[in-house]
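The structure appears below as structure tokens.
The values are calculated or read from the model by the stated rules, or taken from the named source; none is laboratory data. Since the structure is predicted, the reported quantities are computational estimates derived from the model, not experimental observations. Cβ placement follows ideal geometry from the backbone for every residue including glycine, while neighbour counts extend to all protein chains displayed. With ligands, DNA and RNA removed, areas are computed over all heavy atoms of the protein, side chains included. Shrake-Rupley method; radii C 1.70, N 1.55, O 1.52, S 1.80 Å.
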Amino acid sequence: MRKTLRWLLSLVVLIGTMGAAGSTAQAATAAAPAAAADIKDQILGIPGMSLIEEKPYPGYRFFVLNYEQPVDHRQPWKGTFKQRLTLLHKDVSRPSVFFTSGYNVNTNPRRSEPTTIIDGNQVSMEYRFFTPSRPDPANWANLDIWQAASDQHRIFTALKKIYKKNWLATGGSKGGMTATYYERFYPRDMDGVVAYVAPNDVVNKEDSAYDRFFAKVGTKECRDRLNAVQREALVRREPLKATYAAAAAENGWTFSTVGSLDKAYEAVVLDYVWAFWQYSLLADCASIPAAATATDQEIWDSIDAVSGFSAYSDQGLETYTPYYYQAGTQLGSPDIKQPHLGNLSRYGYQPPRNFVPRDIPMTFQPGAMADIDRWVRDNANRMLFVYGQNDPWGAEPFRIGYTARDSYVMIAPGANHGANVAKLLDGEKALATAKILQWAGVAPAATLADTGRAAPLAAPDAELDRRDPEREPQLRP
């Protein structure tokens, strides 16, 4: 009997021990966090997000994606389109940069300067109506700065659930404008904005700032040399147009949109001085031929290298139709006087209307840029604008008013349209770098104690940080 009782007691203890152990194991299993889903699965779990392709890159994951957007954010039930974007994934524990060029998105892994500075993730958005991110059918009335800002807002809102750390918006030229407009319409989204070489054409009909710029940029010797080649190209219009016609036949260029080869030829020539200062440096003046002794071929080659004779063909204009549409409806564009051309110009600076197919209606909205300018002056908060001293687009920059907070306008000496933080003078470069780090929430203690010690957190990467050569269209009145 005692043996039976001892056996039963042992059995009860054993069962109790096993039950306790099982309960402990179950509790431990319940307490253990579930393994995080792969980042691709998290991204593709966003409603409306789909994968085009993933490209490998050391230290990152790089995704080319489509995101379903409303054609009209005010009336989202009226249809959608697929907007292309890319995502350079570093880690969800890092801050993120929202980049846009304002044009097509680059589908190769690339890293903007702020992304390098903060060592973060980067989302890059293709601007609406740039193919393939164009609704079909395309109602061009839905291409405006508010709709584009709303595209960014929806993408940010969706991705913020995954990338919870700080976000910065950035872009250069039209991309810098885009980052600024996004901040104006959705000021609570970003923790900071870095806008590079962003034009600010507040009053479209008042462009004397550009005339003052071209009267003093660089040196008189360089200005005279450029003006002489430009003038000579119009003096030799007929023989050079014959060269143009031959090039057009060889390359299949047509001129239905602008109206004629002659109009396209003059548009290219009138861009010459502007394009030189936009893309070249003062040192490059040595490559400009002496107009008086140059052959026709030398004149042609110089104009083609600087302005590009394909620019105003139908084929050259097609990609940039959304840009010219916006220039003629909201953005505005500069006009400049070129007295050295005398009466050689037949058309003057042609308006954006000439570069958009006639079946697309356009009406200019003069209040759009005035609203942006006023908002930036009064409400800028954690915004940095960087310009190049010798860049024509800096002639009408954004300015910061007295009520702006923690915001800056900086100018890189001698720089062109490629100006960036790295090209600023040392003191401003350190301050700009420190501010970007602070806004992103990743400033090291040494930087917080002394902005002079601020430096990018990511190691340089020649391929990832490479700026792909892309000619932007010349903005026109």
For the stretch 444-454, indicate whether the set of residues that are buried (at least 19 other Cβ atoms within 10 Å of the Cβ) and not in a loop (DSSP other than H, G, I, E, B) is non-empty.
yes
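Quick one: count up the residues across the stretch 348-379 that are open to solvent by 10 Å² or more (accessible area, probe 1.4 Å) and either under 23 Å from residue 215 (Cβ atoms) or assigned to a helix (DSSP H, G or I) (or both).
Filtering the stretch 348-379 down to residues open to solvent by 10 Å² or more (accessible area, probe 1.4 Å) leaves 348-349, 351, 353-354, 357-368, 370-371, 373-375, 377-379.
Applying the additional criterion that residues be either under 23 Å from residue 215 (Cβ atoms) or assigned to a helix (DSSP H, G or I) (or both) yields 348-349, 353-354, 367-368, 370-371, 373-375, 377-379.
Total satisfying the criteria: 14.
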Filtering the stretch 167-189 for residues that are out of contact with any Gly (no Cβ under 8 Å at 6 or more places or on another chain) and hydroxyl-bearing (Ser, Thr, Tyr) leaves a count of 4
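Does residue 43 meet the test of being touching a residue at least 60 places away in the same chain (Cβ under 8 Å) and farther than 26 Å from residue 144 by Cβ? Spell out the reasoning first.
Details: touching a residue at least 60 places away in the same chain (Cβ under 8 Å): yes; farther than 26 Å from residue 144 by Cβ: yes.
So residue 43 fits the description; yes.
Collect the residues in the stretch 93-109 that are in a loop (DSSP other than H, G, I, E, B) and closer than 24 Å to residue 199 by Cα, keeping them in residue-number order.
Within the stretch 93-109, 100, 101, 102, 103, 104, 105, 106 qualify.
Matching residues to (1) buried (at least 20 other Cβ atoms within 10 Å of the Cβ); (2) free of Cβ contacts under 8 Å to residues at least 12 places away in the same chain; (3) touching a Cys at 6+ places or on another chain (Cβ under 8 Å); (4) not basic (Lys, Arg):
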| site | (1), (2), (3), (4) |
| --- | --- |
| 230 | yes, no, no, yes |
| 240 | yes, no, no, yes |
| 250 | no, yes, no, yes |
| 273 | yes, no, no, yes |
| 295 | no, yes, no, yes |
| 300 | no, no, no, yes |
Being aliphatic (A, V, I, L, M) and open to solvent by 10 Å² or more (accessible area, probe 1.4 Å) is the filter here, so list the residues in the stretch 275-290 that pass it.
281, 282, 283, 286, 290
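Go through the stretch 60-74 residue by residue and tally those that are open to solvent by 60 Å² or more (accessible area, probe 1.4 Å) and either β-branched (Val, Ile, Thr) or over 24 Å from the mean Cα position of the chain (by Cα) (or both).
We begin by selecting, within the stretch 60-74, every residue open to solvent by 60 Å² or more (accessible area, probe 1.4 Å); these are 61, 68, 74.
Restricting the remaining residues to those that are either β-branched (Val, Ile, Thr) or over 24 Å from the mean Cα position of the chain (by Cα) (or both) gives 74.
Within the stretch 60-74, residues that are open to solvent by 60 Å² or more (accessible area, probe 1.4 Å) and either β-branched (Val, Ile, Thr) or over 24 Å from the mean Cα position of the chain (by Cα) (or both) number 1.
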Of the residues 191, 211, 224, 207, which is more than 30 Å from residue 291 (Cβ to Cβ), of a type outside the set (Gly, Ala, Ser) and open to solvent by 10 Å² or more (accessible area, probe 1.4 Å)?
191
Quick count over the stretch 83-106, residues being surrounded by fewer than 19 Cβ atoms within 10 Å (Cβ to Cβ) and farther than 30 Å from residue 443 by Cα, is 1
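When you scan the stretch 380-391, do you find a residue that is surrounded by fewer than 20 Cβ atoms within 10 Å (Cβ to Cβ), aliphatic (A, V, I, L, M) and either outside any strand (DSSP E or B) or in contact with a Phe, Trp or Tyr (Cβ under 7 Å, 6 or more places away or on another chain) (or both), even just one?
Scanning the stretch 380-391, I find no residue that is surrounded by fewer than 20 Cβ atoms within 10 Å (Cβ to Cβ), aliphatic (A, V, I, L, M) and either outside any strand (DSSP E or B) or in contact with a Phe, Trp or Tyr (Cβ under 7 Å, 6 or more places away or on another chain) (or both), so the answer is no.
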